[in-house]
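Read through the structure below, which is laid out as C-alpha cells, and then see the notes.
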Amino acid sequence: MTNFKEILRMNSSGEYSQREIALSLHVSRNTVARCIASAIAHGIEDPVPEAMTNEELASLLFPRAERRSFTSSFATPDFERLAEELKKPHVTKKLLWKEYLDANRNSGQRIYSITQFNVLLNDYIESHNISIRRDRNPGEVLELDWSGSAITMHGKVPGVEVKCHLFVAAFPFSGYFYAEAFPDEKIHSWLKGIADSLSFFGGVPVILRPDNTRTATIKADRYEPELNEAMIELSEYYRTVTIPARVRKPRDKNVVENSVGFASTYIVAALRNQVFYSLNDINNAVYERMQELNNEPFTKKDGCRSLLFMEEERQHLGPLPSRPFELFKRARAKVAPDYHVQFDKCFYSVHPRYIGKEVCIRASVYTVIISLPSGEEIARHDRGIFRGQRMTNPVHIPQEHREVLGWSGDKFRSEAYCIGKNTHDLIDLILSRREYEVQSYRVCRGILNLKSKVGKQVLEKAAQEALSSGVFSYKGVKTIAESMILKTTGLEEETEIEDDSAFFLTHSDCDEEGLK
C-alpha cells in the first residue's frame with residue numbers, strides 16, 4: 001500500500017519536490033499530488049498522530065462518500081442488480097456496460113467508460129463479498145493440475161517403491177475430466193499428461209489454464225505470469241494459449257480443484273489396497289475408474305459428464321494435429337561391451353555390432369530412442385523407471401554369440417545343479433528376477449566361477465546362506481564364501497568334495513542327461 005504518512009512528512013519538510021518524493025517512495029507523481037491536495041482539502045497536517053495507521057489515513061484522504069459525490073453527475077448503475085446478473089450463464093461485464101450505455105444514452109447524464117464502469121462494479125462486488133459465477137463456455141477452457149495424493153508402484157526388488165502422482169485435466173462447462181498417473185511431476189510428465197488428455201478429449205480448447213506450478217510457469221504473477229519455453233512450445237504446437245490461474249485464486253480453476261479432490265477420493269483412495277508392479281497396471285485401473293466417474297449421473301440435473309461433453313462441448317474444440325506433442329530429452333553415450341548404453345541411471349540394449357560407438361539418445365516420458373549420429377534409429381525401448389533397471393531386447397544378443405559364450409539360462413541351471421541344490425535354487429531365482437534372463441547372465445557366470453576359487457562345498461553353503469539372507473548379487477555371494485573360508489581352517493586347500501548322491505551329480509551325468 002502507498003505510504004501516505006511518509007508522503008505528507010516529506011512534503012511538510014520543504015526539502016523535497018513532488019518528483020523526488022515519487023522517486024523515493026516508488027509511486028507516481030500523480031499519486032503524490034493527489035495525496036497532498038486531499039490533505040489540504042481535509043485539513044490534515046503533518047505530523048500525523050503516531051497512533052493513526054496508514055490505512056486509517058488513506059480512508060480520511062480518499063473516503064468513498066467523496067467518490068460518490070464526485071460521480072453524482074454520472075448515471076449511476078444499479079450495482080446490486082448487476083451483481084446478480086453476473087451470476088447468470090454467459091453474462092459478462094462488457095454486455096452489462098453496453099446495456100447501461102443504451103439505457104442512459106438520452107438521460108442527459110454523463111456515462112461511465114467501460115474501464116470506470118468495471119472499477120466501480122468490482123468495488124461493489126468486493127465490498128459486499130459477492131461470489132460471481134464465471135462464464136463457462138463449452139470448449140473454451142481446460143483446467144490442469146496435479147493431485148496431491150499418490151499411488152504406490154512396487155518394484156520387482158523387495159523394498160523398492162515409486163510414488164506415482166495423478167495428473168488431472170477437466171472442462172469447467174461439462175466437468176468431463178481425464179486422469180493419468182506418472183512416476184514424477186517433472187516437465188516431461190506434465191507435457192505428456194496434457195498431450196494425452198487432448199487426445200482423449202479428441203480436440204483442443206481455446207485456453208489451457210494450469211496452476212502456477214513450476215512445470216508450467218517460470219515466474220508466478222497475478223497479471224503477467226511468465227511461462228516456461230516447453231509450455232509455450234506446446235501451446236504453439238496445438239494452436240491454443242496458456243493462461244495460468246492467478247496466484248492464491250482457487251476460483252480461477254475451481255472445477256479442476258474439485259476434480260482433483262474427486263479423483264483423489266474415488267480413484268487414489270479407491271485403489272489404495274491394490275498392489276501394482278508397473279505404471280501400465282496403475283493407469284489401466286485409473287482409466288477404468290475415470291470412465292465410471294465420468295458416466296456417473298449428475299445429482300442435481302439430468303445426464304452425466306460424458307454425455308454433456310459429447311452432446312454440447314466436443315464440437316466446440318479445435319482440431320488435433322496429426323501426432324501428439326512430445327518433448328524429448330537428448331543425450332549422447334558410448335555403447336559398453338555388454339551391448340548397453342546408460343541413460344538417466346538405467347541401461348538400454350543395442351545390437352553388439354555397435355559396441356564402442358557413440359550413439360544419440362532421445363527420451364520422452366515412456367520411450368527411449370537410440371540412433372546413430374547420422375540419424376539412423378538402431379533401438380527403441382520403454383523408458384526405465386527404477387534406478388539400475390536394464391531394458392534389454394533379447395534379439396540384440398545373436399544366437400551364435402550366445403552359443404560361443406555358452407551362456408543361456410538352461411546352461412547356468414544345469415551347471416548350478418551339478419554343484420548343489422542350494423546353488424541351483426539361487427541361480428534359478430536370480431534368472432527369474434529379471435524381465436529377460438539375459439540381464440542376469442553376468443551375475444550367474446560370476447557366481448558359478450567361484451567354484452574354481454572356493455570349491456563346491458563352500459559355494460553350496462554360501463548359496464544356502466545367500467538364499468536365507470536375501471542376497472542375490474555376485475559380490476554378496478563372494479563375500480559370504482570368503483567369510484566362510486576365513487572361519488574354517490584348512491578349507492582353502494579343498495578342491496573337490498566326496499560324492500553325495502542326495503545333492504550332487506557327477507559331471508558326466510550332467511553332460512549326458514542334463515536336468516531332469
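Is one or more of the residues making up the stretch 130-145 assigned to a loop (DSSP other than H, G, I, E, B), at pLDDT 70 or above, open to solvent by 20 Å² or more (accessible area, probe 1.4 Å) and polar (S, T, N, Q)? Show your work before the answer.
Start the filter on the stretch 130-145 by keeping residues that are assigned to a loop (DSSP other than H, G, I, E, B), which leaves 130-140.
Restricting the remaining residues to those that are at pLDDT 70 or above gives 137-140.
Those left that are additionally open to solvent by 20 Å² or more (accessible area, probe 1.4 Å): 137-138, 140.
Restricting the remaining residues to those that are polar (S, T, N, Q) gives 137.
Yes, the stretch 130-145 has at least one match.
On inspection, ILE111 qualifies as open to solvent by less than 80 Å² (accessible area, probe 1.4 Å), among the β-branched types (Val, Ile, Thr) and more than 30 Å from PRO138 (Cα to Cα). Residues in the stretch 272-302 that are among the β-branched types (Val, Ile, Thr) and crowded, with 16+ Cβ neighbours inside 10 Å: 2 in all.
In the stretch 452-470, which residues are surrounded by fewer than 17 Cβ atoms within 10 Å (Cβ to Cβ) and outside any helix (DSSP H, G or I)? Hit for the stretch 452-470 is GLY470, nothing else.
Is it the case that the stretch 350-366 has a residue that's within 30 Å of GLU161 (Cβ to Cβ), modelled with pLDDT of 90 or more and under 25 Å from the mean Cα position of the chain (by Cα)? Within the stretch 350-366, one or more residues are within 30 Å of GLU161 (Cβ to Cβ), modelled with pLDDT of 90 or more and under 25 Å from the mean Cα position of the chain (by Cα). In this structure, LEU491 does not qualify as open to solvent by less than 70 Å² (accessible area, probe 1.4 Å) and at pLDDT 90 or above. Among the numbered conditions (1) in contact (Cβ under 8 Å) with a residue 12 or more places away in the chain; (2) farther than 21 Å from TYR277 by Cα, the only one that GLU377 does not meet is (1).
Kindly provide the set of residues from the stretch 181-203 that are of a type outside the set (Ser, Thr, Tyr) and open to solvent by 10 Å² or more (accessible area, probe 1.4 Å), ordered by number.
Kept after step one, since they are of a type outside the set (Ser, Thr, Tyr), are these residues of the stretch 181-203: 181-188, 190-196, 198, 200-203.
Answer for the stretch 181-203, where residues must be of a type outside the set (Ser, Thr, Tyr) and open to solvent by 10 Å² or more (accessible area, probe 1.4 Å): PRO183, ASP184, GLU185, LYS186, ILE187, HIS188, LYS192, ASP196, PHE200, GLY202.
The values are calculated or read from the model by the stated rules, or taken from the named source; none is laboratory data. Here the structure is a predicted model, which is why all the values come from computation and not from measurement. With ideal geometry, Cβ positions are generated from the backbone for all residues, glycine too; neighbour counts draw on all protein chains shown. We work out accessible area using only protein heavy atoms, side chains counted, and drop any ligands, DNA or RNA first. Shrake-Rupley method; radii C 1.70, N 1.55, O 1.52, S 1.80 Å.
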